[in-house]
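Novice: Once you've had a glance at the structure underneath, I'll fire off some questions.
The values are calculated or read from the model by the stated rules, or taken from the named source; none is laboratory data. Quantities reported herein were computed from a predicted structural model and do not represent experimental measurements. For neighbour counting, all protein chains shown are included, and Cβ atoms are generated from backbone atoms with ideal geometry for every residue, glycine included. All accessible areas refer to the heavy atoms of the entire protein, side chains included, with ligands and DNA or RNA removed. Shrake-Rupley method; radii C 1.70, N 1.55, O 1.52, S 1.80 Å.
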Amino acid sequence: MNKKGVLIVISGFSGVGKGTVVKKLIEKYGYSLSVSATTRQPRPGEVDGKDYYFKTVAEFENLIDYNGFIEWAQYVENYYGTPRKFVEDEIEKGNNVILEIEVQGAMRVKEQYPNAVLIFLTAPDAQSLKSRLEGRGTEDAKVIKKRLKRAYEETDDMSHYDYLVVNDDLDKCVDDVNAVIIAEGFKTSNNLEYITKTKNELEEIRKEITL
Ligand code: ADP
Ligand code: 5GP
């Protein structure tokens, strides 16, 4: 039986802990992760091909023209996009794939993959969000302000997500996101092949029954 994989979209305000949660989720539960392309500069310690595919604007726009992304968006002055091939291959193989992307991209994914599960991560309160973003120390004050303004705008899209998970205690958050993914796998809409298989098997048995 060839059951297709499901896309798991994880979004959340900048600094909420998406990267931290996703890293732990993969270490603990071993999901496939889509590596995005971006035109932003690498942060210290980020590795090309592992954290992102770092591209020039010209390279990124070329990939857009060649339909290389399942979605792409502009976020605070940079391009970000999900490479098409890896995602399509993994789904075909039956693997669930995690996309850690912002809200405009998440809406595009849902249009193309109605079975995708959309999870929005939030912080216990806005002050913790601000402290985490400042505490990470990877953006200057101007960029932090832009990201916090963008977070306010993103609240309009929160209700379009299937699930809202609060990242307060990190380990609990990782387990909560995993619980959502597991529940998704049990949905009847993700098991239609199994229903058909069961029906066919029961039909064989029914044919053998003579009353
Ligand atoms: P994002 O990927 O959403 O921008 P990061 O994963 O880079 O966020 O996390 C931002 C900062 O918040 C990091 O310094 C990280 O260590 C910290 N952080 C993540 N999760 C928690 C948590 N549950 N409690 C406290 N700090 C956290
Ligand atoms: P950061 O610069 O903090 O790594 O990412 C900024 C924002 O871009 C985050 O909200 C992150 O989820 C989002 N992002 C990362 N990759 C992609 C992608 O491929 N597509 C879209 N639409 N957003 C992405």
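Novice: Mind grabbing the accessible area of K93 for me, 1.4 Å probe, Å², rounded to tens?
Specialist: Estimated to the nearest 10 Å², K93 gives 140 Å².
Novice: Please work out the average accessible area per residue across region 36-118, using the 1.4 Å probe convention, and give it in Å². Can you show the working numbers first?
Specialist: Values: 4400 Å² over 83 residues.
Using a 1.4 Å probe on heavy atoms only, each residue of region 36-118 averages 53 Å².
Novice: Write down the percent of antiparallel bridges among all DSSP beta bridges whose residues are both part of region 1-106, to the nearest 5.
Specialist: 45 percent
Novice: Pairing the Cα long axis of helix 141-154 with the longest principal axis of the chain, what angle in degrees results, from 0 to 90 and rounded to the nearest 10?
Specialist: Roughly 40 degrees between the two axes.
Novice: Then there is this: Let me have the relative contact order for region 58-181, percent, based on Cα pairs under 8 Å that are six or more residues apart. Before the final figure, lay out each step's value.
Specialist: Working: 92 pairs, mean separation 27.8, N = 124.
Computed value for region 58-181: 22 percent relative contact order.
Novice: Give me the percent of Cα-Cα pairs in region 29-117 that sit more than 15 Å apart, rounded to a whole number.
Specialist: 59 percent
Novice: Further question on the same structure: Considering Cα pairs under 8 angstrom that are at least six residues apart, work out the relative contact order of the chain and quote it in whole percent. Before the final figure, lay out the partial values.
Specialist: Numbers: 289 pairs, mean separation 62.8, N = 211.
The normalised contact order for the chain reaches 30 percent.
Novice: Output wanted: per-residue J couplings in Hz (rounded whole) for region 168-183, from phi through Karplus 6.51 cos²θ - 1.76 cosθ + 1.60, θ = phi - 60°, x for Gly and Pro.
Specialist: For region 168-183, the Karplus-derived couplings read 9, 7, 4, 5, 5, 4, 4, 5, 5, 5, 5, 4, 4, 5, 5, 4 Hz, x marking Gly and Pro.
Novice: Can I ask one more? Please list, by residue number, every one of the chymotrypsin sites (Phe, Trp or Tyr not before Pro) in region 149-193 that is coil in DSSP and has at most 16 other beta-carbon atoms within 10 Å. Walk me through the numbers on the way to the answer.
Specialist: Values: sites: Y152, Y161, Y163, F186; in loops: Y161, F186.
Hits after loop and neighbour filter: F186.
Novice: Using modelled amide H (1.01 Å from N, peptide plane; none on Pro or chain starts), what sits under 5 Å from the amide H of T122, excluding residues fewer than 5 places away?
Specialist: Here the answer is V165, V166, N167, since their amide H atoms fall under 5 Å of that of T122.
Novice: Tally up the carbon and sulfur contribution to the accessible surface of the chain as a whole percent, 1.4 Å probe, everything protein left in place. Spell out each step's value before the answer.
Specialist: On the way: 6540 of 12240 Å².
Answer for the chain is 53 percent, counting heavy atoms of protein chains only.
Novice: Of K55/K149; K3/K93; K23/K146; K3/K187; K3/K197, which ones are farther than 18 Å apart at the Cα?
Specialist: Numbers: K55/K149 25 Å; K3/K93 8 Å; K23/K146 25 Å; K3/K187 13 Å; K3/K197 12 Å.
Over 18 Å apart, Cα to Cα: K55/K149; K23/K146.
Novice: Among DSSP beta bridges lying fully in region 56-168, give the percent that are antiparallel, nearest 5. Please report the intermediate quantities before stating the final value.
Specialist: Working: 6 of 10 bridges.
For region 56-168, the DSSP antiparallel bridge percentage is about 60.
Novice: Moving on. Roughly how tilted is helix 103-112, in degrees to the nearest 10 and between 0 and 90, from the longest Cα axis of the chain?
Specialist: 20 degrees
Novice: Is it possible to state the helix-based mean residue ellipticity at 222 nm for the chain, with each DSSP H run of 4+ residues giving -39500 (n - 2.57), the sum divided by total residues, to the nearest 500 deg cm²/dmol? What is it?
Specialist: On the way: 8 runs with 99 residues, N = 211.
For the chain, the value works out to -14500 deg cm²/dmol.
Novice: I've got another one for you. If you wrap a convex hull around the Cα atoms of region 95-211, how much volume per residue is inside, in Å³?
Specialist: Working: hull volume 17.9 nm³, N = 117.
Enclosed volume per residue, from the Cα hull, is 153 Å³.
Novice: Next question, about the same structure. Please report, for the Cα atoms of the chain, the Rg to one decimal and the Dmax as a whole number; what are they, in angstrom?
Specialist: 19.8, 80
Novice: Please list, by residue number, every one of the GluC sites (Glu not before Pro) in region 1-107 that is coil in DSSP and has at most 12 other beta-carbon atoms within 10 Å. List each step's numbers first, then the result.
Specialist: Numbers: sites: E27, E46, E59, E61, E71, E77, E88, E90, E92, E100, E102; in loops: E46, E77, E102.
Loop-located and lightly packed - E77.
Novice: Looking at region 23-123, which chymotrypsin sites (Phe, Trp or Tyr not before Pro) are in a loop (DSSP not H, G, I, E or B) and have at most 13 other Cβ atoms within 10 Å? Show your work: numbers first, answer last.
Specialist: Details: sites: Y29, Y31, Y52, Y53, F54, F60, Y66, F69, W72, Y75, Y79, Y80, F86, F120; in loops: Y31, Y66.
Here the sparse-neighbourhood loop sites are Y66.
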